[in-house]
Every structure is written in structure tokens, then in C-alpha cells.
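See below for the structure under consideration.
The values are calculated or read from the model by the stated rules, or taken from the named source; none is laboratory data. Only a predicted model underlies this, so the values are computations on that prediction, with no experimental measurement involved. As a convention, Cβ positions derive from the backbone with ideal geometry for all residues, glycine included, and neighbour counts pool all protein chains shown. The accessibility values were calculated without ligands, DNA or RNA, using every heavy atom of the protein model including side chains. Shrake-Rupley method; radii C 1.70, N 1.55, O 1.52, S 1.80 Å.
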Amino acid sequence: MSADNHNNVTQQPQLSFWQIFNMCFGFLGIQFGFALQNANVSRIFQTLGAAIDDIPILWIAAPLTGLIVQPIIGYMSDNTWNALGRRRPYFLIGAVLTTLSLFIMPHSPALWIAAGMLWIMDASINIAMEPFRAFVGDNLPKSQRTQGYAMQSFFIGVGAVVASAMPYILTNVFDVANTAAAGEIADSVRYSFYFGGAVLFVAVGWTIISSKEYSPQELASFEQHANHLNTSENTNSRTSKQYQTGGIIWMLVGAIFTAAILTQELDKQLYILSIGIFAFGPLQLFCARKLTQTTQAANKQRDNNGMLFNVVDDLFHMPKAMQQLAVVQFFAWFALFAMWIYTTAAVTSHHYATSDVLSQAYNDGADWVGMLFASYNGFAAIAAIIIPFLAKAVGIKFTHTINMFLGGMGLISFMFIEDPNQLWIPMIGVGFAWASILSVPYAMLSSALPAKKMGVYLGIFNFFIVIPQLLAASILGLLLKVFFDSQPIYALVLGGVFMMVSGIAVLFVKQDN
């Protein structure tokens, strides 16, 4: 795929199975680290003294970091071309930083240090993860992108199976202790993080050395050949006046919301929302100032206004399909975040009848949650193979609807299944939903994105993964406390409902044939 081999090619060639395999293999390592984080960080927080109501706010680092990092890395990788390529430099940087974070995290001596390490770890994972989505869009013609994203989903499933099960395997096969003294992380968790760091570095390294990238000139020539491309261009560009008005409104609403939280003594976690609303105001005022300086010049000159302007400006000029898929993503990722941060607490309290993090019952339950997370990722790997065939049979949108309903019913059933040994059954549905979330929206979106902005738009698309997680982190603890007597099992029920809403929303997405 180097420039030397394709100087005169205008139509993007198809890649072989093994080329697609190699370019997606790094996702196995990334998901290994991501799954270790999802399955064990709440356990680490509780071990270090976190109250159940505080867990969502401690998790805020993960989605907030993605909100900031992914569009920045997307923009930077869109505008990078060096000896290592376009996306691969960021694979390498992210892999090194994530590996170091995984080695350090289980040695956190205090809760605040663990929360800080989660922030660093998630930033590192995002540096490596974001360009992998754009990598598929860069390297594969449209006819193979569904296959490429399905391959990523397969490796996500496989990597997460082993990662989620690691503490359980170490305890039950290798007799590694899964309990520790108060304030200390169990050996089974620590060794899992060490192994995960090594796997991540090797897997991402394999993709770096075994894959090539097209140059910006080659990508431009491919895009020229595909005349029918539905780009994100919007002739009604947002004006300086619109940015200025929008900025003032967002700041006003954010300030009023913040004042209400302060004066009415509302839950402090709501500050995440109010400050986020306010912060979007200055960003729009910045864009207004940039446009005034360039005298509202043509769109080509708008592109020269720098990274911050372009990320915000592109957010307001998303393709129609991307706007509609944002709704689909919102409900899906709210549900996932609820599952990730509350499953350990829900299972240990509802099925093992304990909240004592030092007890054997709690740690057995926490280990079993790791196995449940492993099982849904295993089912996701199977689903990744089935989904392309199902899409051909019933259509891609209805395929997503079916999968999201399976996942939603699975989460809701946690409340009604009494035997924890039977909880793997609903994980079949969760696995199908997870595989679908990781592939179908990207397959639907890919044809709407211009090659030169593939990275930044996929980074912006991540907003609609992050915002629902920020919302969940802000209100889930409050909802459980006010309406459900702080019983975490109801977080899974709410997540199930939201998954099914996502499945309905996808039916309203309009696609260009």
C-alpha cells in the first residue's frame, strides 16, 4: 500500500483477508487493556475505600478524557504523514503509554491516585484507539468497510474474553490470591494488569509492522474516483454571528444551572453537566472571533483556522446520517456505562448478598463478574461473524434493532435471575448488542465521511459515546439514591431500557443508497 506501488491507481484496491486481519489485530491488545479497566476499576475503587455513590464520579475520567483526546488525535492524524505513516505513529505512542499505565495502576496506594491513573490510562488508550477506526476508513474501499469493522469487533471480543476472565483464571487455575489486606489490590488483579500491558504492546506492535498506509495524495485520488461520495459538506456554513449568539446562550444556561445546583444544594455530581454546558460557550465565542478575523471567508479558508476551530466547526456541519446516528449512540452508550460501573456492585449485592469488599463472598462475586464480562465479549466475537450475514438477510438497520433488544432484555433479566451461575445466559444478548454497537454504526456512517477528515469526524462521533457516559456519571448515582434506595441492580434495568430505545432510534436513520 505504499506510494511506490500505487502511483497511478485511482480506484482503491480491495485487500486480502490477511491484510485486513493484520490491520485490525492491534485492536485485540487495545481491548485487552480496555476490558481490564472496565471489569476491575470499580473493584479497585471500592477496595481503596470508595462509597457506592461515589463510583460514577470517579469513573468520569474515562469518558471526559475521550471527549477531549479523540477529536484532537483524529485531527492530528488527519494532518500527519511521516516515515511511519498517518495513523501508526499514534498507535505506537498510545501503546507505550497504555502499557506503562497498566503496570502502574494496580499499585495505587490511595483512592485519589487510582482515580488519577484511570485518567492517564484512558487518555493513553484513546490515543491508540481513535486512529484505528480511521485506519479502516483509510485502507479499505467502501465495499470492505463492514468486513473491516466486523473484524475489529471480533478482535475486541476475543481480547476482552481473556482480559475479563484473567483474575478468575489466575485464582481458580493458578491459585493466585483474590483477596488482600484492607486498602491493597489483590494479586489476581495486579498480575492481570501486568499481562494485559504486555499483550497490548505486542498486538499493537504487530499491526504497526505488518500494515502499510496510503499517502494523502493516494487517498485524494481514491476519493476523486469515487464521485458519488456523500460528503459532510454543508453549504449553509455557520456564521460568526451564529457562533456568538450560541456561545452566549450556552454560557448563560450553564451559569444558571450551576447557580441552581449551588443554591438548591443539589447533588454535586450535576456540576459535571453544568460546567460542561458552560464550557461549550467559550468554544463557540472562539470560533466567532476566528471567523471575524478571516472576514467570514470561503470554506477553504475556514479550514486554515486551526485545530480547535475546525473541530468545533465540523461538529456543527456533520453529515445528516451522523446526526441521526448520534441519537442511536447516545442511548446505547448510556446503557453500556451503567453496565460497566454497576455490574460488580449489582451482582455482589443482589446475588451474593454482600457489600463488604473484604469478604470472600464479595470477591468471589467480583471474580464472577469478570467471567460474565468475558462471556459477553466471547458472544460478541461470535456475533461479529454472524452480523454481516444477518444484515444481508434483514437489512443493517433491523439487524441493529434485533441486537439492541437482545442486549436490553439481557440486562433487565439480571434483576429476575436468582442463581448467579445462570447470569451468563443474558450475556448472550449483551454480547450481540456489544458487537453491533462496535460495528453497525460505523459501517452506516463510513460512506458519509470525506477521506481528508476521516479521523476528525470519527473523533467527533466519539462525542456521542462520551456525552451519555458523562450524563450517566452525573445522574446515575443520584437516580439510584433518590428512587431505588441506592440499589445498583436498578442501574442495569435502566441500561436495558436505554438499549432498546437505541434499537428503535436506528430505524429512523436515513441512508443514501
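Screening GLY183 with (1) open to solvent by 10 Å² or more (accessible area, probe 1.4 Å); (2) within 17 Å of MET371 (Cβ to Cβ) gives one miss only, at (2). Taking first residues from the range 100-114 that are touching a residue at least 24 places away in the same chain (Cβ under 8 Å) and partners that are outside any helix (DSSP H, G or I), the Cβ contacts under 7 Å between residues at least 6 apart in sequence or on separate chains come to PRO106/ILE185; SER108/LEU48; ALA110/LEU48; LEU111/LEU48; LEU111/GLY49; LEU111/ALA50; ALA114/LEU48; ALA114/SER108. Counting the residues of the range 317-354 that are aliphatic (A, V, I, L, M), in contact (Cβ under 8 Å) with a residue 40 or more places away in the chain and not in a helix (DSSP H, G or I) gives 1. Apart from one condition, ARG145 fits all of (1) farther than 19 Å from GLY26 by Cβ; (2) part of a helix (DSSP H, G or I); (3) touching a residue at least 60 places away in the same chain (Cβ under 8 Å); the exception is (1).
Against the list (1) open to solvent by 50 Å² or more (accessible area, probe 1.4 Å); (2) part of a helix (DSSP H, G or I); (3) over 30 Å from ALA128 (Cα atoms), the condition MET500 fails is (1).
When you look at PHE389, is it among the aromatic types (Phe, Trp, Tyr), open to solvent by 40 Å² or more (accessible area, probe 1.4 Å) and part of a helix (DSSP H, G or I), yes or no? In short, yes. Any idea which residue in the range 392-416 is surrounded by the fewest Cβ atoms within 10 Å (Cβ to Cβ), counting only those that are in contact (Cβ under 8 Å) with a residue 12 or more places away in the chain and in a loop (DSSP other than H, G, I, E, B)? Out of the qualifying residues, it is MET415.
I'd like the full set of residues that are crowded, with 16+ Cβ neighbours inside 10 Å, over 15 Å from PRO141 (Cβ atoms) and at pLDDT 80 or above, limited to the range 217-241. Answer for the range 217-241, where residues must be crowded, with 16+ Cβ neighbours inside 10 Å, over 15 Å from PRO141 (Cβ atoms) and at pLDDT 80 or above: ARG238, SER240.
Each residue in the range 322-372 was checked for being open to solvent by 20 Å² or more (accessible area, probe 1.4 Å), among the aliphatic types (A, V, I, L, M) and modelled with pLDDT under 85, and 5 of them qualify. Here GLN31 qualifies as under 21 Å from PHE373 (Cβ atoms), within 14 Å of the chain's Cα centre (by Cα) and part of a helix (DSSP H, G or I).
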